[in-house]
Each structure stands twice: as C-alpha cells, then as structure tokens.
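What follows is a set of notes on a single structure, which appears directly below.
The values are calculated or read from the model by the stated rules, or taken from the named source; none is laboratory data. On a predicted model such as this, the values are computed, not experimentally measured, just so you know. Here Cβ is always computed from backbone atoms with ideal geometry, including for glycine, and neighbour counts include all displayed protein chains. Ligands, DNA and RNA are stripped out before the accessible areas are found, and what is left, the full protein with its side chains, is counted by its heavy atoms. Shrake-Rupley method; radii C 1.70, N 1.55, O 1.52, S 1.80 Å.
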Amino acid sequence: MYKSSEMATLMNAFYTYNEALKAAIESNSTLPEMPESFNSIHTAKMTDVNGRTPIFQSFAPLYLEAQKSIHYSLDTMTKKTHYNSVINLCISCHKTECVGPIPRIKKLMIE
C-alpha cells in the first residue's frame, strides 16, 4: 500500500489551505490562520531523498513569508494580489523541482 511522504502530505495541506484562503478572499470573509505545521517545509521527509535541492531551499522561506503577507493586507484587492503571488511562487518552484502538480496549482489562482 502506498504511503505518501511527509512532504507530499504537507503539499496537500498547502493546497487545502490555499483553497480556503481563495474562498475567503473571494467572499471577503475572515482569512483562516496559516497552520504552524507549514514550518515543517524545512524538515519534512521527501519522496525523493535528494529533493531538498538548493533551489527548493531558496523557495521554502519565500513561500512561508509570502503566505504570511496575505494576512497583513488591508483590502481585498491587495489580499488577492498577495495570494496570487503565493500561487505563482508555488508554480515557479514546481517548474524546477516537480512539474506534475502545476495544472492543479494553477486552479488556485484568483481571476
């Protein structure tokens, strides 16, 4: 039986969280807080033991900071801009590290 890696599970949590953020931004509702577990991006075991490349390591802290920046936005348009920046960061990293999820990630963009 297949068991996903810690990183794959974390990436799925990122996706679920960003779906909730997208819905909250689009409806101008209160944003859900970013789970502390997201900080494990630096230590979660990957499917590919060689996956924690310098490129990945450069994107990880950028992702966390960008994700937090959404909560500092005061208006819906700024939240939308910051949110789409987070999604674009995900896509940029995945273009270099693991291209498979890109079509799914693109669905998170707010038009």
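Computed values, structure above
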{"item": "Count of residues meeting criterion [open to solvent by 20 Å² or more (accessible area, probe 1.4 Å) and part of a helix (DSSP H, G or I)] in region 67-83", "result": "11"}
{"item": "Residues located in region 1-57, provided they are hydrophobic (A, V, I, L, M, F, W, C) and more than 22 Å from LEU108 (Cα to Cα)", "result": "MET1, ALA44, MET46, VAL49, ILE55"}
{"item": "Residue in region 7-52 that is modelled with the highest pLDDT, counting only those that are of a type in the set (Gly, Ala, Ser) and within 14 Å of HIS94 (Cβ to Cβ)", "result": "ALA8"}
{"item": "Residues of region 15-31 classified as part of a loop (DSSP other than H, G, I, E, B) and open to solvent by less than 40 Å² (accessible area, probe 1.4 Å), total", "result": "1"}
{"item": "When residues of region 34-66 are limited to those that are hydrophobic (A, V, I, L, M, F, W, C) and either out of contact with any helix residue (DSSP H, G or I) (no Cβ under 8 Å at 6 or more places or on another chain) or farther than 16 Å from PHE14 by Cβ (or both), the one most open to solvent (accessible area, probe 1.4 Å)", "result": "VAL49"}
{"item": "Where a residue in region 66-88 is among the basic types (Lys, Arg) and its partner, wherever it lies, is at pLDDT below 90, with Cβ under 7 Å and at least six apart", "result": "LYS79/SER73"}
{"item": "Residue count for region 1-14, restricted to those that are within 19 Å of GLU33 (Cβ to Cβ) and surrounded by fewer than 16 Cβ atoms within 10 Å (Cβ to Cβ)", "result": "2"}
{"item": "Pick from region 84-111, criterion in a loop (DSSP other than H, G, I, E, B) and farther than 20 Å from PHE56 by Cβ, ranking: least open to solvent (accessible area, probe 1.4 Å)", "result": "ILE110"}
